[in-house]
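Novice: Could you have a look at this structure, given as structure tokens, before my questions?
Values in this text are rule-based calculations from the coordinates and carry no lab data. Keep in mind that this is a model prediction, so the values were computed, not measured. Please note: Cβ atoms are built from the backbone with ideal geometry, for glycine as well, and neighbour counts cover all protein chains shown.
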Amino acid sequence: MLFGAEQAMAQSSQLPGGSGIVFQVLAMLDAWMPALLVTWLLAGALVWRWLPRRQTAVLYAAKQSVGMPLSVAAGCLLVFAMLAWVVVYPEHAGHARLMAADAGAQQWAQDHVSAPVREVLHVLTAAGDVRWLVVMVLLVAGWLALGAQWHALWAWVFFIGLNGLAVRLLKNLLDRARPEVLHEMLTSGASFPSGHTSGAVVVYGLLWLVLRGRLSPAASRALAWVCAVLVAIIALSRILLQAHFASDVIAGALLGLAWCALAALVLGRGARQN
């Protein structure tokens, strides 16, 4: 198995209830993540080709520039790669400073976050839990399918699945240990990047992208704020609960933003023909 997957499976088997089952399944799939990711990309490309021509031709006919979303995606992935390089290689000049910053954030959370606040944070961080996100993904996917919104359905399923597989693979490859103090958090996999953060950015970001064209401008702005605040709370909770280092959370946000930028390119152009 890849990079400590056997240890992850052993730890997952000790978790209670549904959490243990979910984490055991993830641990068993770790060895197959590279193949699953390649398969997902190929399957996504094939399904894209099968979409109705009226929904895909707009990609080539629309006048909207592709420069901005592609630049955002490329920039996020570049910064993510640089951050991962600093985290993994102790010889890097910035490694010691980054570790000191992470340790400082951990110590602040340990000193200033009380037990009652942690209880509240446990509830808030659940909004980024994989089980809740899966339920939301299935509900929105069903709604899009019933409305025959195949273009939006493809983007919704493809980019969320891509993020999940990529995060799990990166966790296995980089294999960064979790913070020592987890405050009874149920976790799965290595620490870098934060799966809660990247998943929240992608799911709630795509939710806004999918719904914004179907809402009034005021409602669209309100939904954008709600999603942004919710994502920020989930990301901050991972640091305050000491489930992740601050750099893990930043990396997860960068990865999620990259997928959202690419999805915005697809959905923004696809919406023109509806």
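Novice: Would you please give the FRET efficiency between Ala100 and Leu124, computed as 1/(1 + (r/R0)^6) with r the Cβ-Cβ distance and R0 = 35 Å, to the nearest 0.05?
Specialist: 0.80
Novice: Residue separation times 0.36 nm, minus the C-alpha to C-alpha distance between Ser71 and Ala218: what's the value?
Specialist: Net length gain for the segment: 50.2 nm.
Novice: Can you quote the Å³ per residue value for the convex hull of the Cα atoms in region 190-274, rounded to an integer?
Specialist: 71
Novice: Largest first and to the nearest Å, give the Cα extent of region 62-179 along each principal axis.
Specialist: The Cα atoms of region 62-179 stretch 51, 40, 27 Å along their principal axes.
Novice: Then there's this: Over the Cα atoms of region 128-265, each weighted equally, I'd like the Debye log10 I(q)/I(0) at q = 0.19, 0.20, 0.22 Å⁻¹, rounded to two decimals.
Specialist: Per q value, in the given order, log10 I(q)/I(0) is -1.07, -1.16, -1.34.
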